[in-house]
Amino acid sequence: MKWQIQILFWFSISFLWTGFVSIFKCMNWAEQRNGFDLFDPVQYLLPPPVDLSYVIFFLIYFGVIASIIQSYREGLTRLSFALIGYAFILYFRSLTILVFPLNPPFGMIPLNDPMVDLFSSEKIVFTKDLFFSGHTATLVYLFLIARNNMLKRLLLGISLIVIGGILIQRVHYSFDIGGGFLFAWIIFKIISKLESKFKISSQSLSKLLS
């Protein structure tokens, strides 16, 4: 059983790494093309744009780190499938960014990641990786897979604040936010089935070898 979990874990790491490579290449390519402008009535109901980058990223990193720690406490299998799910978010985003060429919303203030500023002297700004919202999908996905009630409430609060901040900063259209919810739910369902099948097959193999 241990060797199966170790293989699963290293697969999740490699799967996640290729997901990062994929999304980075797609985001770079998307910046070079001209997209479509969308009319978003929700944006007209919002207050003037404000740069909330530091608040948004602090909450995102806090939620992600808390989720990783809790997943690890629940076992390496749990952590591995959590990572695979996040990798699916990256792959799906790569696909939708390619399929839906969009220009940034009017009045957008680009998100400024303080961790990127800390380790890089170059300003890396992406404005056209719009559909769907990766930050929304990530937080909603982490909320859905969370089993600890305290963590679940924490992620719910963080998700609501971050989504509000993203909309106020005009980082995404409201449609992108909705897409984030949809893909998070789809990936949650996929991961739930994969994790269940892995546990059943592992138990069957263990009985066969014992």
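The values are calculated or read from the model by the stated rules, or taken from the named source; none is laboratory data. Keep in mind that what you see is a predicted model, and the values were worked out from it rather than measured. Glycine gets a Cβ as well: all are built from the backbone with ideal geometry, and neighbour counts include every protein chain shown.
Selection over the stretch 21-36 of residues that are surrounded by fewer than 14 Cβ atoms within 10 Å (Cβ to Cβ) and within 17 Å of ILE89 (Cα to Cα) gives a count of 2. When the stretch 2-20 is filtered for residues that are more than 23 Å from PHE92 (Cβ to Cβ) and either at pLDDT 95 or above or among the hydrophobic types (A, V, I, L, M, F, W, C) (or both), the ones remaining, listed by number, are TRP3, ILE5, ILE7.
From the residues in the stretch 17-45 that are in contact with a Phe, Trp or Tyr (Cβ under 7 Å, 6 or more places away or on another chain) and among the small types (Gly, Ala, Ser), which one is nearest to SER80 (Cα to Cα)?
GLY19
Screening the stretch 40-89 for residues that are among the acidic types (Asp, Glu) and under 21 Å from LEU130 (Cβ atoms) and picking the one that is surrounded by the most Cβ atoms within 10 Å (Cβ to Cβ) gives ASP40. Being more than 15 Å from the chain's Cα centre (by Cα), surrounded by 13 or more Cβ atoms within 10 Å (Cβ to Cβ) and closer than 19 Å to TYR173 by Cα holds for only one residue in PHE100, PHE92, and it is PHE100. Out of all the residues in the stretch 123-130, is one or more crowded, with 22+ Cβ neighbours inside 10 Å, touching a His at 6+ places or on another chain (Cβ under 8 Å) and either at pLDDT below 95 or within 21 Å of THR77 (Cα to Cα) (or both)? Yes. With respect to the stated conditions, SER14 fails to be hydroxyl-bearing (Ser, Thr, Tyr), touching a Phe, Trp or Tyr at 6+ places or on another chain (Cβ under 8 Å) and assigned to a helix (DSSP H, G or I).
Whether a residue is at pLDDT 95 or above, touching a helix residue (DSSP H, G or I) at 6+ places or on another chain (Cβ under 8 Å) and either among the aliphatic types (A, V, I, L, M) or not in a helix (DSSP H, G or I) (or both) was assessed, and LEU139 passes this test.
Kindly indicate the residue of the stretch 135-158 that is buried (at least 21 other Cβ atoms within 10 Å of the Cβ) and touching a residue at least 60 places away in the same chain (Cβ under 8 Å) and also nearest to the chain's Cα centre (by Cα) among those meeting that condition. For the stretch 135-158, the residue satisfying everything is THR138.
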